[in-house]
Amino acid sequence: MVTTETTVDNSTSEIASAQDSKNAEDDKTSSASANAAANTSTEPPASSYGLPINPSIPSRRLSVYRKSCHLNFSLSETGIYCIAMEKSGSYALYCDAHSDEFIKLCGRTDCPHNIKSCDAYLDEGTTPPLGYYNGKIYYVKQSVQKLISDGEGAQTIELPASLWTMDPDGRNKQQLTYLYEEDLRSVGIGDICFSHGMVEFLLYATDGQGEVIMDRRFISLAQPSLPATSASSAQLSSVNGMNGSILNTDGEDILVWEENSQPGNHQPYQVYKWELRNNTLIPIGGIPTGRGWVGSKTAYYMDHGIFTQWDYAKQEGKALLDPGISENADMTAFTDFLVMYDSQGLIREGKKPESVTLFFYDWNLNPLGECSLKLDPSTLHFGNYVFGETEDRILIIKDGFGDLPDYYIEKSDLGSGEIPLHEYHYPELDLSFGF
């Protein structure tokens, strides 16, 4: 395990200092959004089901996705950014908040938008997601091989994976820092997550002796430098797979998880709060599933088709609603609504579903309507059809392994009964594979 003690202290204090300077403004934004959703300036009243009307779900929607912050989707004040991984390289896409048209992030009228000089071009080694922070776009480039020639011959060297930034219009691209020391050889960078003014990732590398290194690291976006080793690597027994990755953000709380699927363990996932200021993990409690929505005070999930709330203190679930979908139903939670759906049962039976119905509820568990999503039976479906949200829209994806939203729902249509789907449109893309 590679550690950088000096960098840990500097990076955590830099992030804490940067967060302090913006927390007052963010708190005002979060408070105003939360109070508007609950229609009250005090603690929201409890519903008859024991759920708060405005529960502990992030109301600051720059933390866009309820499940994690790893998806190919980032919000600015004006719209949505994504990455299109084409065969010729990766390109940045943008869609205005009130539009249904994604464009390549290049304003030059003389550009065909399929060449390396295009402002939207991000290089072959760039993988999702993009991050947005303080008016700038951030992204990660994987390590690349470069041929160096001199008077005596040529040699191939590895340029380490690196953190880059650019303006919101795709211009002024700048490399900020490497993601690891130059004496390491990268196998890959995974689990990239932009949140709370930093980027966190999982490093797979080998050192000069060929020893494999698996390390979770993070970098302050306000003052980027070589990364610090995260608390997950320091405190957890293993960070392979999803262990130690960021599971969710709950307001200002960053939640990570660890799998412990030993025989007889009824809560196989342990949830921790990552205190970024001092880079430590604080145990919150065990949960019975990694699906649903997990917060720092409670969690919601489907237990054999029943919508259930988890009590960390009692280590037990409370059944709240049987939506009558199937025992393989799943759910997603946001500030203003819940959505429940199923195709998992068909997938597990080896069938390829042709459609799935999404059922929407408010936090009093009153139905808000439903919509039917047609699926492509020729593709593999993972079952996470709600891609994320913006202030006014719910983003929908028809293939859980895809990396670009297919449709959106206007939140103003919730409560109207049959909820229409609106299609997003894209420029001509020669995609290499799904993310």
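Kindly indicate the residue of the stretch 392-401 that is buried (at least 19 other Cβ atoms within 10 Å of the Cβ) and part of a loop (DSSP other than H, G, I, E, B) and also modelled with the lowest pLDDT among those meeting that condition. Ranking the candidates gives LYS398 first.
Per-residue answers, yes or no, for (1) free of Cβ contacts under 8 Å to residues at least 40 places away in the same chain; (2) touching a strand residue (DSSP E or B) at 6+ places or on another chain (Cβ under 9 Å); (3) on the phi > 0 side of the Ramachandran plot:
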site: ALA231; (1), (2), (3): no, yes, no
site: SER237; (1), (2), (3): yes, yes, no
site: ASN240; (1), (2), (3): yes, yes, no
site: ASN243; (1), (2), (3): yes, yes, no
site: ASP253; (1), (2), (3): no, yes, no
site: GLY292; (1), (2), (3): no, yes, yes
site: THR298; (1), (2), (3): no, yes, no
site: MET302; (1), (2), (3): yes, yes, no
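Looking only at residues in the stretch 166-204 that are aromatic (Phe, Trp, Tyr), over 18 Å from SER76 (Cβ atoms) and assigned to a strand (DSSP E or B), the one that is modelled with the lowest pLDDT is TYR204. Only a single item in (1) surrounded by fewer than 23 Cβ atoms within 10 Å (Cβ to Cβ); (2) within 13 Å of LEU276 (Cα to Cα) is not met by ALA228, and it is number (1).
Applying the condition of being of a type in the set (D, E, K, R) and part of a strand (DSSP E or B) to the stretch 109-164 and asking which residue is modelled with the lowest pLDDT yields ASP150.
When only residues in the stretch 358-374 that are among the aliphatic types (A, V, I, L, M), over 14 Å from ILE325 (Cα atoms) and surrounded by 17 or more Cβ atoms within 10 Å (Cβ to Cβ) count, which is nearest to the chain's Cα centre (by Cα)?
Result: LEU373.
The set of residues in the stretch 86-108 that are outside any strand (DSSP E or B) and farther than 26 Å from TYR408 by Cβ comprises LYS87, SER88, ARG108.
So that you can scan it fast, the table gives a plain yes or no per residue for (1) out of contact with any Asp or Glu (no Cβ under 7 Å at 6 or more places or on another chain); (2) crowded, with 20+ Cβ neighbours inside 10 Å; (3) touching a residue at least 40 places away in the same chain (Cβ under 8 Å):
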| residue | (1), (2), (3) |
| --- | --- |
| TYR81 | yes, yes, yes |
| THR109 | yes, no, no |
| LYS116 | yes, no, no |
| ASN134 | yes, no, yes |
| TYR139 | yes, yes, yes |
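The values are calculated or read from the model by the stated rules, or taken from the named source; none is laboratory data. Every value quoted in this text rests on a predicted model; they were computed, and no experiment measured them. Heads up, the Cβs are rebuilt from the backbone with ideal geometry, glycines too, and the neighbour counts pull from every protein chain shown.
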